[in-house]
1. Which percent of the accessible heavy-atom area of the stretch 71-256 goes to carbon and sulfur, probe 1.4 angstrom?
2. Relative to the compact-globule scaling 2.2 N^0.38 Å, provide the ratio for the alpha-carbon radius of gyration of the stretch 89-151.
3. Counting only heavy atoms of protein chains, what accessible area per residue, in Å², does the chain have with a probe of 1.4 Å?
4. Among DSSP bridges having both ends in the chain, what percentage is antiparallel? Round to the nearest 5.
5. Would you list Ile128, Ile149, Ile291 from the most to the least accessible area, probe 1.4 Å?
6. In what sequence, largest accessible area first, do Val194, Val131 appear using a 1.4 Å probe?
7. Among Lys136/Lys189; Lys114/Lys159; Lys189/Lys243; Lys63/Lys89, which pairs are too far apart, with a Cα-Cα distance over 19 Å?
8. Per the Kirkwood definition applied to all pairs of different Cα atoms, how many angstroms is the hydrodynamic radius of the stretch 127-200?
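The values are calculated or read from the model by the stated rules, or taken from the named source; none is laboratory data. Values in this document were obtained by computation on a predicted structure and should not be read as measured data. Quick reminder, even Gly has a Cβ in these numbers, built from the backbone with ideal geometry, and neighbours come from all protein chains shown. Ligands, DNA and RNA are excluded from the accessible area calculation, which covers all protein heavy atoms including side chains. Shrake-Rupley method; radii C 1.70, N 1.55, O 1.52, S 1.80 Å.
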Amino acid sequence: MLCLTSKLITTSTPLTIGVQTRGMATLKDIRMRLKSVTNIQKITQSMKMVSAAKYARAERDLKSARQYGLGAQAFYTNTDLIKKDEAPKPGTLLIAITSDRGLCGGVHSSVAKKIRAIMRTDPNAANIRIVCIGDKSKAMLARQFPQNILMMFNDIGKKAPQFGDATTIANAILESGHEFTEGIIIYNKFKTVVSYLTSELPVFGAKTIGASPKMNVYDSIDDDVLKSYYEYSLASLIYYALKENATSEQSSRMSAMDSASKNAGEMIGKLALQFNRTRQAVITRELIEIISGAAAL
């Protein structure tokens, strides 16, 4: 009797009730996926709310920060350094404004894409030096242009940019030993909640500013005053670009998280429908097996 029982146990086959056809998801698989997508939707909704609060603050700070950038650009315009009909020239310096954080659409990749286009078409690309502000620009450009990277900055985007951050970046550029006549800052200019524009902001070296043909419109400007204003104007333009880019990043992240939440909601609806259909199919099959067994007795 013991041998017979042992033989029955070893040769028995598992029950097939509730097992799906090969290639079809079981109820357990659908339930686990439904739970994971629901958790993802909760995360994206939370990130959207956080981004909305940060965006409101960034947009409020941007209104005062724009005066720094507009003032420096007005000085370049009055001294005839910026031509109305001419696009900014890259010269020998490119400053890429990004941040350390992602999940914000194509904000960072658009800056890297524009720099790649400049490096591909400019005949003086070998002499151009790139300043990467933020880990995202470093990750996208350092491997492709290792010989052109002048310096890199991180810890950008975790907090709202301050003028002290722009001053630190400007001083590092001026003390790097790289002499440039002109260059451009590439950043994302905020337009609306759902749109931004990847723009170029011209910057000029101290010698270029001093040799401007219309510098005589300003009285009592000696070398010390010109040097001080040059350093201040570079820091002002970087601060303005950081603020514009931060506002664009937060608005883009808010839109991206909103789209992700909507996509997760649609996927939850499809998975719930699939789960209900699969469960109904399992119940129907079990009922058929029970009825068939009862009819055979």
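1. Carbon with sulfur: 51 percent of the solvent-accessible area.
2. 1.05
3. 59
4. 45
5. Ile291, Ile149, Ile128
6. From most exposed to least exposed: Val194, Val131.
7. Lys114/Lys159; Lys63/Lys89
8. Mean inverse Cα-Cα distance, inverted, gives 13.9 Å.
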